[in-house]
Each structure stands twice: as C-alpha cells, then as structure tokens.
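Following: one structure in structure tokens, then a few remarks.
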Amino acid sequence: MRLLHLLLGSTWLLASCVPRRPGAASTGATQQAPGVSAPAPLPPDAPVAIHRVSEIEPPPVAVASEPVPGFMRGINLGNALDAPQEGAWGVTLDEKHFEMAKAAGLDHIRLPVRFSAHAQDEAPYTIEDSFWKRVDWALDQAAARGLSIIIDLHHYEELMKKPAQHADRVVGIWKQVAERYKGRPASVAFELINEPCNELKSALLNPIQKRAIAAIRLTNPTRLIIANSYFWAGADYLKELELPPDPNVIASFHDYQPILFTHQGMPFMPAEFQTRGIVFPGPPAAPVTAVEAGQKLDWVSTWINSYNSQPIATNANGPNAIFDYFKIVEAYIKSSKRRVYLGEFGVSDNADPKSREEWLRVVRKEAEKRKIGWAIWDDGGKFRALNVALGTWVAPIHAGLFE
Ligand code: BGC
C-alpha cells in the first residue's frame, strides 16, 4: 500500500502539469476572538472524517536536516508582490502582515516577488525603481521586527515555458537583486526560482540555477540561497538537483500531498481536481463520487476508491501518505548531506476546517521533527491564514501550526 501511495503521488504530479494561479479571495472570518477568528459553523451536510490522525503512529525519524537558524517557522506573504501588479489579487502588503507574523511567534517571512513583470525585456533587464522600493520596504518591515525574510523569485511563467530564451534574463535579475541587497544582514535570503515546472526540467534548471548562484556569489559570498526542485518543488525531484558544494545553498521542496485533497475544487486546477467534500484523514463517513473527468482517469478513480474504502492505515488520504512523502525528503538529506527547507504547504478553504487543521498539523510536525524549516502558504487568497483587517488568524490554520 505504501507503494501505491508513492505511485499515486508521482502520477498526480504528471497529471497536474498546469499553470497555477490563485483563486478569488475567500470571505474570511465573521467573528473576532483574541488573535484567532472563531471557527465558522459547519453546514449540516458537511463531510466528516470518521478517524483521528492519532490512530496512526508516525514512523521514526531516520535522518534529520541541520536546522537553518532564523528560517524555521514562517509564512508566505503571497498574492501581493507576485501578482501581475500588487493588489490585482486582492492583497496589498501592510505593516500588519509583519506584525501578525511576529506576534504569532514566527521567525521569518517568505516573500514571493514577480520580478519578471517589473524588469526590462532586454539586457541589462533593469528593474523598475518603484518596484524596488516595495521590496526594500518589505525587507525593512521584516528587519524592524527581527524577522528574517526570503526574497523568492515567483511566477516567472515565461521562464517555465521557454527556459532557453529567459535564462540570461533570470540571471540578470539575480545580479541586480544581489547587488542591491549585498549590504543586508544574513537574515535576508534569496530563493532562485519558485516551483520550476513545465519545460524548466532539471536538465535545463540546473545550469540556470548554477549561473544565478555564481552571479550572486560575486557580491554575496555567504548569503543563504534556496533552490527549488523541478515539478513545483516536488520532493521526488530533489535528487535531480545539481548544486555547488556550498554550505549556504540549501534545497527546497513543497508539500501539497495528496493534491486531490489540498487542491480540491481549485479553479486553477483541471477538471479532474474538481471533486469536493474530501476530508482528511480518509475514509469519509459517506463516500464521495468523483467528478466525471476524474472517473475517466485511472489515477484519480484509484485514489478516490482508496479514499472511500480503505482503512485509515492504508487510505490514500491518510497520514501515511504524508509520512511517505517525508521519507523521500529523508532519502535526499541522507544522500546529499544538504540542508532542506519546506517553502510552501497548505490546504485551500474548499476543504472543511477540521481536515485542514489535522493535515497542517501532521505536515508541520513531520517537518519540525526533522529540523526542516517551514513556511505556510499563505496570508491571502484561497489559502488565507490571516484576516489582516480584523487582526486575526483563521482558526484551523492557527491550530494546525501552533497547537
Ligand atoms: C502558487 C499559488 C498557489 C499555491 C498553491 C503557489 O506556489 O504561486 O498561486 O495558490 O502555490 O497551489
């Protein structure tokens, strides 16, 4: 059954090779409690899980990462500087984002930035002054609160489609970022390319990341640099990363497994991902019926069958699916001896609050047991963790991260 989980894991990855973009902003909380929104009442027909995660004993940790001080517990401030223009996706960064992160006890911010929308097309690919000022401001906000911050080059979609045409440009962008921020303290880190996908396969990704690292090292000899693996930072692809023997270059993976649960009904996912009402852990009290597009695909119908009928220990949406994913990460730590980082994990608000909380807690704990720093996706949009207007956290996310 473990093998089945692994197979299903890689099959969804193959099947989900689609452009990602955030959905509409969620409505947020309706009540205010100290620091955390009151959980919204579940509708009477809401799906329910019949098992508790605690029924399954996690496997022992075989290999841990070396911790990365200052980058252990964080939040992505997404949907803002990574939108085509800040505000276009409903999030404009505010001092409160940073205040709330600090007050919750986080140590860092991951800042997704779409430099590619603000740089000239031709060399030297000059980045707009007004955009620099927003990034400077975010760095200052983090520094003022003692938060570390990762500048994450996000949503360079053209690079994913035509890597060869955009290689010089992404390196040129990093040259400028490195030059501008070379005087910043070690609490500022650089993340080269978020979620390489589509045509930016490992064979093309590796030389581009090597060039970007070399350009950064000319001005920032010891700055922490984070490199994502191919396939949306899939853990399965960490082993394909080729990185220089530099202790301050670390590898990053993302965890949205199982994707049919975390991304159920997301508008930017293809039709086979639109089955809703999937709870964690499976099996559910009442089986779900896969959407028609899902029924036509073997990997989806196999997954849904397992979800509907297997006991929690072997269920495709059970805790073992998460444990298996971390075993892949362990294998990479063991073979590479490199430090690793979990730059994104999350469940959209299409899933019920209890399931979100349970899943987040399992993933977060598995990371922490292995001394892997994490950053939740994210403050806004469909994965919203913060209600900045009220100054509150969304209850299931807060509980999953901190309880
Ligand atoms: C993407 C977002 C998406 C999230 C979850 C991020 O890397 O930038 O657009 O909502 O992953 O899928």
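So the values come out like this:
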| item | result |
| --- | --- |
| Filter result for Lys327 (in a helix (DSSP H, G or I), within 21 Å of Arg110 (Cβ to Cβ), more than 16 Å from the ligand (Cβ to nearest atom) and out of contact with any strand residue (DSSP E or B) (no Cβ under 9 Å at 6 or more places or on another chain)) | no |
| Residue match in region 81-89 (condition: farther than 13 Å from Trp374 by Cβ, within 16 Å of the ligand (Cβ to nearest atom), buried (at least 24 other Cβ atoms within 10 Å of the Cβ) and not polar (S, T, N, Q)) | yes |
| Qualifying residue in region 83-92 (condition: farther than 24 Å from Arg364 by Cα, part of a helix (DSSP H, G or I) and of a type in the set (S, T, N, Q)) | no |
| Test for Asn320: is it crowded, with 18+ Cβ neighbours inside 10 Å, more than 30 Å from Glu66 (Cβ to Cβ), modelled with pLDDT of 95 or more and away from the ligand (no atom under 16 Å from the Cβ) | no |
| Among the residues listed as Ala186, Ala119, Ala167, the single one being more than 16 Å from the ligand (Cβ to nearest atom) and over 22 Å from Arg223 (Cα atoms) | Ala119 |
| Positions within region 96-116 being more than 16 Å from the ligand (Cβ to nearest atom) and either in a loop (DSSP other than H, G, I, E, B) or more than 19 Å from Leu192 (Cβ to Cβ) (or both), in sequence order | Lys96, His97, Phe98, Glu99, Met100, Ala101, Lys102, Ala103, Ala104, Gly105, Leu106, Asp107 |
| Members of region 65-80 that are exposed (fewer than 15 other Cβ atoms within 10 Å of the Cβ) and either under 24 Å from Asp324 (Cβ atoms) or of a type in the set (Val, Ile, Thr) (or both) | Glu66, Pro67 |
| Selection within region 244-299 - under 20 Å from the mean Cα position of the chain (by Cα), within 16 Å of the ligand (Cβ to nearest atom) and not in a loop (DSSP other than H, G, I, E, B) | Ser252, Phe253, His254, Asp255, Ile259, Leu260, Phe261, Thr262, Phe273 |
| Search result, residues across region 118-138 that are part of a helix (DSSP H, G or I) and either within 16 Å of Arg184 (Cβ to Cβ) or not acidic (Asp, Glu) (or both) | Ser130, Phe131, Trp132, Lys133, Arg134, Val135, Asp136, Trp137, Ala138 |
| Residue within region 330-337 that is more than 18 Å from the chain's Cα centre (by Cα), assigned to a helix (DSSP H, G or I) and free of Cβ contacts under 8 Å to residues at least 24 places away in the same chain present | no |
| Which listed residue is buried (at least 21 other Cβ atoms within 10 Å of the Cβ), farther than 29 Å from Pro69 by Cβ and within 20 Å of the chain's Cα centre (by Cα), from Leu153, Leu159 | Leu159 |
| Residues that are outside any strand (DSSP E or B) and in contact with a helix residue (DSSP H, G or I) (Cβ under 8 Å, 6 or more places away or on another chain), drawn from region 190-204 | Leu192, Ile193, Asn194, Glu195, Pro196, Cys197, Asn198, Glu199, Leu200, Lys201, Ser202, Leu204 |
| Residue pairs meeting the criteria (Cβ under 6 Å; at least 6 apart or on separate chains; first within 15 Å of Leu139 (Cα to Cα) and aromatic (Phe, Trp, Tyr), in region 65-79; second at pLDDT 95 or above and more than 16 Å from the ligand (Cβ to nearest atom)) | Phe71/His108; Phe71/Ser148; Phe71/Gly373 |
| Top-ranked residue of region 371-385 - restricted to ones that are within 13 Å of the ligand (Cβ to nearest atom), part of a loop (DSSP other than H, G, I, E, B) and of a type in the set (D, E, K, R), ranked as farthest from Gly265 (Cα to Cα) | Asp379 |
| Pairs with Cβ under 6 Å, 6+ apart, first in region 154-167 and within 16 Å of Glu191 (Cα to Cα) and assigned to a loop (DSSP other than H, G, I, E, B), second within 16 Å of the ligand (Cβ to nearest atom) and acidic (Asp, Glu) | His154/Asp82; His155/Asp82 |
| Residues located in region 70-80, provided they are in a loop (DSSP other than H, G, I, E, B) and over 16 Å from Lys96 (Cβ atoms) | Gly70, Phe71, Met72 |
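Residue by residue, here is whether (1) within 18 Å of Ala395 (Cα to Cα); (2) of a type outside the set (Val, Ile, Thr) holds:
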position	(1), (2)
Ser309	no, yes
Thr314	no, no
Ile328	no, no
Ile333	no, no
Arg338	no, yes
Val363	yes, no
Gly373	no, yes
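The values are calculated or read from the model by the stated rules, or taken from the named source; none is laboratory data. Given the structure is predicted, the values throughout are model-derived calculations rather than measurements. Reconstructed Cβ throughout: ideal geometry from the backbone, glycine too, with neighbour counts over all protein chains shown.
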